[in-house]
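Everything on this sheet refers to the single structure shown next.
The values are calculated or read from the model by the stated rules, or taken from the named source; none is laboratory data. As the structure is a prediction and not an experimental result, all values here were calculated from the model. Cβ atoms come from the backbone with ideal geometry, glycine included; neighbour counts cover every protein chain shown. Just the protein is used for accessible areas: all its heavy atoms, side chains included, with ligands, DNA and RNA removed. Shrake-Rupley method; radii C 1.70, N 1.55, O 1.52, S 1.80 Å.
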Amino acid sequence: MSVKTFKELAQGYDEDPSRQQRAEAIFQAILRLVPLSKEMEVLECGAGTGLLTVLLAPKVKHILATDASEGMLLVLREKRSRLGLCNVDTDLYDPTGQSMESSFGLLVASMLLHHIPDTEGVLRRFYGTLTLNGWVAIADLEEEDGSFHSPEMPKPAHYGFNRSNVVKSLEAAGFCNVYIETVHVVVKNERQYPIFLAVAKRGQ
Ligand SMILES: C[S@@+](CC[C@H](N)C(=O)[O-])C[C@H]1O[C@@H](n2cnc3c(N)ncnc32)[C@H](O)[C@@H]1O
């Protein structure tokens with residue numbers, strides 16, 4: 001069985017209803033833990049097909065939805081047009097290689113971190129993209145045994161994360177007020193895969 005790229009996965013990505021359910025649970029937790037506002041400029045990294053983007057968009061001023069895969073962004077742009085979302089722009093962006101101006105009040109990354117080998121490096125970059133008092137919200141897999149991704153999926157850099165290590169890494173990157181909780185459990189192949197949401201602030 002050959003491993004698919006994110007570009008190849010993009011067109012069928014939304015067909016799995018568990019991804020929509022996961023995005024909805026992450027969105028509800030962000031609503032509860034982050035003071036979203038119509039003044040907020042949001043940077044989303046690894047936005048994929050925009051499952052979370054379209055939920056967040058009505059709650060904030062603007063979202064720059066970014067991904068390293070043009071195929072994923074193509075699906076996101078189709079969705080944006082269908083839903084008439086005027087406050088969402090898209091851009092090809094890989095936070096492991098490029099920096100971004102410090103102009104965002106919130107950075108969101110859902111299910112991206114386990115694809116990034118240098119977690120600490122990317123968290124430092126996330127910190128640098130935020131305005132003073134800006135927020136970061138990161139959702140990802142908790143530690144798992146490597147069975148979450150089927151063999152045809154892109155091979156992850158991490159089999160999930162230990163929650164206390166996520167807290168330590170965010171603090172090491174400079175974030176304060178770090179809070180983490182389990183916000184969802186994906187059930188597949190008779191196994192359970194908890195998903196965490198970590199939120200934190202860039203201080204003054
Ligand atoms: C598992 S999908 C998650 C998509 C979406 N955030 C969600 O929750 O449904 C991971 C996404 O991260 C993107 N990605 C992987 N590595 C990346 C990188 N280094 N920079 C930017 N995007 C990346 C992939 O193209 C893919 O769209």
If exposed means GluC sites (Glu not before Pro) lying in a DSSP loop and surrounded by at most 15 other beta carbons within 10 Å, then the longest stretch of the chain lacking such sites spans residues 40-100
Length gained, residue 145-residue 190, 0.36 nm per residue minus C-alpha separation, equals 14.8 nm
Carbon plus sulfur, as percent of the 1.4 Å-probe accessible area of the stretch 55-108, comes to 50 percent
Relative contact order of the stretch 6-201 (C-alpha contacts under 8 Å, at least 6 apart) in percent is 19 percent
With the 1.4 Å probe rolled over protein heavy atoms, the stretch 6-201 has an accessible area per residue in Å² of 45 Å²
For the stretch 189-197, in residue order, the Karplus 3J(HN,Hα) values (coefficients 6.51, -1.76, 1.60; θ = phi - 60°; whole Hz; Gly and Pro = x) are 6, 6, 10, 10, 10, x, 10, 9, 10
Once both label points are put 7 Å beyond Cα along the C-beta direction, the residue 118-residue 103 separation in nm becomes 2.5 nm
Given backbone amide H placed at 1.01 Å from N, residues whose amide H is under 5 Å from that of residue 106, ignoring those fewer than 5 places away on the same chain, are 41, 43, 135
Along the stretch 35-46, Karplus-curve 3J(HN,Hα) (6.51, -1.76, 1.60; θ = phi - 60°) to the nearest Hz, with x for Gly and Pro, reads x, 5, 8, 6, 9, 7, 8, 10, 10, 10, 9, x
For the chain, whose charge dipole is built from +1 on Lys and Arg Cβ atoms and -1 on Asp and Glu Cβ atoms, the candidate among 193, 157, 3 with its Cα farthest towards the positive end is 193
